[in-house]
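Input: a single structure, listed below in structure tokens.
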Amino acid sequence: MKIGLVTIVIGPKYTELFDEFSRARFENFARRHGYETLVVEKPIRELPGKKLTWQKCCLHDLEWVRSMDMVAFLDSDILIAKDAPALPLVEPGKIGGVMDKPPAGLNSGVLLFRPGKEVATMFEEALLDPDPFWDQVAIDRVLRKNNALQLIDPRFHCMFYVRSRRIFRAVFGRNWIYHSLHGKSKLTLISRLLAIQGR
């Protein structure tokens, strides 16, 4: 099975942070499990008025993505532990992910899917949402409408909220994929945490 690991890194600020904290872990994880990688460095499609985070809804435009049996999209502010196991497989026509803290719904920082017409149609439907900021709200709504959300083990997407009770699970749990949710300070904190754990 051809599995692709893809992230979107657009602009010097995000490139610098990705190179400093995430790239080596991203590439090592892929190498360990035989995944192919792609780092998208420019917008896939013009989306006037929408944040660049919406570009994940355009991944099916890329021939590389369509050539994979399964794709895992990861936000660029994610660190992968050295002992992270292989990604779970998702069913065709479903998108795998982890729920954010209520009432947000799905967090789109980690999305697993098998490329195909059904998934592409759902991403296109999400793109119709007029909101310029919250891609994950639109994706969550479309997945629920189509009964297409496949929940995966939350250790594959540990969201690092400092001012939340979830910080205890993030710090003391043995998670595999850590999402800093923006900010160099949290990337530094997660990086040090993993170093202390030898992971």
(request) Name, by its number, the condition in (1) under 22 Å from residue 180 (Cβ atoms); (2) surrounded by fewer than 16 Cβ atoms within 10 Å (Cβ to Cβ) that does not hold for residue 131. (result) (1)
(request) Mind listing whichever residues of region 168-199 are hydrophobic (A, V, I, L, M, F, W, C) and surrounded by 13 or more Cβ atoms within 10 Å (Cβ to Cβ)? (result) 170, 171, 176, 177, 181, 187, 189, 190, 193, 194
(request) Taking the residues in region 140-167 that are in contact (Cβ under 8 Å) with a residue 60 or more places away in the chain and aromatic (Phe, Trp, Tyr) as candidates, determine which candidate is surrounded by the fewest Cβ atoms within 10 Å (Cβ to Cβ). (result) 161
(request) Go through region 1-18 and give me each residue that's surrounded by 15 or more Cβ atoms within 10 Å (Cβ to Cβ) and part of a helix (DSSP H, G or I). (result) 14, 15, 17, 18
(message) Anything in region 51-80 that is out of contact with any Asp or Glu (no Cβ under 8 Å at 6 or more places or on another chain) and assigned to a loop (DSSP other than H, G, I, E, B)? List them, or say none.
(response) 62, 67, 69, 75, 76, 77
(message) If I go through region 161-199 residue by residue, how many of them are at pLDDT 85 or above and of a type in the set (Gly, Ala, Ser)?
(response) 6
(message) Which pairs turn up if I take residues in region 177-199 that are closer than 19 Å to residue 164 by Cα and look for partners that are in a helix (DSSP H, G or I) with beta carbon separation below 6 Å, at least 6 apart in sequence or on another chain?
(response) 177/156; 178/190; 180/186; 180/187; 180/190; 187/21
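The values are calculated or read from the model by the stated rules, or taken from the named source; none is laboratory data. Since the structure is predicted, the reported quantities are computational estimates derived from the model, not experimental observations. Every residue, glycine among them, receives a Cβ derived from its backbone with ideal geometry; neighbour counts consider all protein chains shown.
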